[in-house]
Amino acid sequence: IVIDAPHSVDDILKVVGDRTVKAIVCTHAHDDHVRVAPALREAVNNGAGAPILLHPDDKPLWDLTHGGDEGYLWDVDLADGMVIEVAGTSLQVLHTPGHAPGAVCLYAPGLGCVFTGDTLFHGGPGATGRSYSDRPTLEDSIKAKLFALPGDTVVHTGHGEDTTIALERANLAAATILARATQRLPGEEATP
């Protein structure tokens, strides 16, 4: 499978080589993850194509990139708990809204890793300054779905370096403690 299709069909095809692409799985529909997905769908497997999989809650974001053209919709809806089998490996879909309403992560227990798109980065939660993002929802998703995974699970992020679930649990705990320690209560004077 190809996870996300951001910028260049040719570059993706070079990595794919002569392998058969079973699917193009989009972790979410911000343009830097789906921009060339429709063109890639038509180009893989010597033009025979492969389906695009996306969580339906991301349709508004998909439409921002692809203009709502029905001919450019994805092919299969992702759902929480869905399992994708590829090359003897099972990828479990974890719906993790927050960075985007339909954001998903792909957990490969047999490989001891999770592909998090923009849900979780090295150093903490993904960004929430983009369209349809919400920080509390993102943190709830991370705590409920990703922090339930074994601590030694390797996190392959959508941008930047890899990390582990244990390290990111510690990072979020430290950030929470720091935020609470520096939070002012109503009526407290600001100190210089």
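Can you say whether Gly112 is at pLDDT 95 or above, out of contact with any Leu (no Cβ under 9 Å at 6 or more places or on another chain) and open to solvent by less than 80 Å² (accessible area, probe 1.4 Å), as far as the supplied structure shows?
Numbers: at pLDDT 95 or above: yes; out of contact with any Leu (no Cβ under 9 Å at 6 or more places or on another chain): yes; open to solvent by less than 80 Å² (accessible area, probe 1.4 Å): yes.
Judged against the criteria, Gly112 is a match.
Limited to region 4-18, what total is found for residues that are within 21 Å of Leu54 (Cβ to Cβ), part of a loop (DSSP other than H, G, I, E, B) and free of Cβ contacts under 8 Å to residues at least 24 places away in the same chain?
Total meeting the criteria: 0.
Name, by its number, the condition in (1) within 20 Å of Tyr107 (Cβ to Cβ); (2) open to solvent by less than 50 Å² (accessible area, probe 1.4 Å) that does not hold for Leu167.
(2)
Quick one: Ser141 ticks every box in (1) out of contact with any Ser or Thr (no Cβ under 7 Å at 6 or more places or on another chain); (2) part of a helix (DSSP H, G or I); (3) not aliphatic (A, V, I, L, M) bar one, so which box is it?
Going through (1) out of contact with any Ser or Thr (no Cβ under 7 Å at 6 or more places or on another chain); (2) part of a helix (DSSP H, G or I); (3) not aliphatic (A, V, I, L, M) one by one, Ser141 breaks only (1).
Can you find a residue that is within 15 Å of Thr116 (Cα to Cα), touching a residue at least 40 places away in the same chain (Cβ under 8 Å) and buried (at least 17 other Cβ atoms within 10 Å of the Cβ) anywhere in region 32-42?
Checking region 32-42: at least one residue is within 15 Å of Thr116 (Cα to Cα), touching a residue at least 40 places away in the same chain (Cβ under 8 Å) and buried (at least 17 other Cβ atoms within 10 Å of the Cβ).
Give me the pairs, please: first residue somewhere in region 77-105 and on the phi > 0 side of the Ramachandran plot and among the acidic types (Asp, Glu), second residue anywhere and open to solvent by less than 30 Å² (accessible area, probe 1.4 Å) and part of a loop (DSSP other than H, G, I, E, B), beta-carbon distance under 6 Å, and either six or more positions apart or on two chains.
none
Okay, residues lined up against (1) open to solvent by less than 40 Å² (accessible area, probe 1.4 Å); (2) under 30 Å from Ala173 (Cα atoms); (3) not hydrophobic (A, V, I, L, M, F, W, C):
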| site | (1), (2), (3) |
| --- | --- |
| Val86 | yes, no, no |
| His99 | yes, yes, yes |
| Val104 | yes, yes, no |
| Leu138 | yes, yes, no |
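Please go through region 150-164 and give me each residue that is within 16 Å of Gly117 (Cα to Cα), touching a residue at least 40 places away in the same chain (Cβ under 8 Å) and over 15 Å from the mean Cα position of the chain (by Cα), ordered by number. So that I can check it myself, show each step before the final result.
Here is the first cut: in region 150-164, the ones within 16 Å of Gly117 (Cα to Cα) are 153-164.
This time we only want the ones that are touching a residue at least 40 places away in the same chain (Cβ under 8 Å), so: 153-159, 162-163.
Hit for region 150-164 is Thr153, nothing else.
Just the residues that are at pLDDT 95 or above, assigned to a loop (DSSP other than H, G, I, E, B) and open to solvent by 50 Å² or more (accessible area, probe 1.4 Å), please, taken from region 148-160. Please lay out each step first, then the result.
At the first step, the residues of region 148-160 found to be at pLDDT 95 or above are 148-157.
Subset that is assigned to a loop (DSSP other than H, G, I, E, B): 148-153.
The answer is Ala148, Pro150, Asp152.
Per-residue answers, yes or no, for (1) open to solvent by 10 Å² or more (accessible area, probe 1.4 Å); (2) modelled with pLDDT of 95 or more; (3) of a type in the set (Lys, Arg):
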position: Asp4; (1), (2), (3): yes, yes, no
position: His7; (1), (2), (3): yes, no, no
position: Ile12; (1), (2), (3): yes, yes, no
position: Gly47; (1), (2), (3): yes, no, no
position: Ile52; (1), (2), (3): no, yes, no
position: Asp57; (1), (2), (3): yes, yes, no
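Considering region 88-97 alone, what residues qualify as being in contact with a helix residue (DSSP H, G or I) (Cβ under 8 Å, 6 or more places away or on another chain) and loosely packed, with under 14 Cβ neighbours inside 10 Å? Reasoning before the result, please.
Going residue by residue through region 88-97, those that are in contact with a helix residue (DSSP H, G or I) (Cβ under 8 Å, 6 or more places away or on another chain) are 94-97.
Passing the criteria: none in range.
The values are calculated or read from the model by the stated rules, or taken from the named source; none is laboratory data. Please read all numbers here as calculations on a predicted model, not as lab measurements. Cβ coordinates were reconstructed from backbone atoms using ideal geometry, including for glycine residues, and neighbour counts include every protein chain displayed. Heads up: the accessible areas ignore ligands, DNA and RNA and are worked out on the full protein's heavy atoms, side chains in. Shrake-Rupley method; radii C 1.70, N 1.55, O 1.52, S 1.80 Å.
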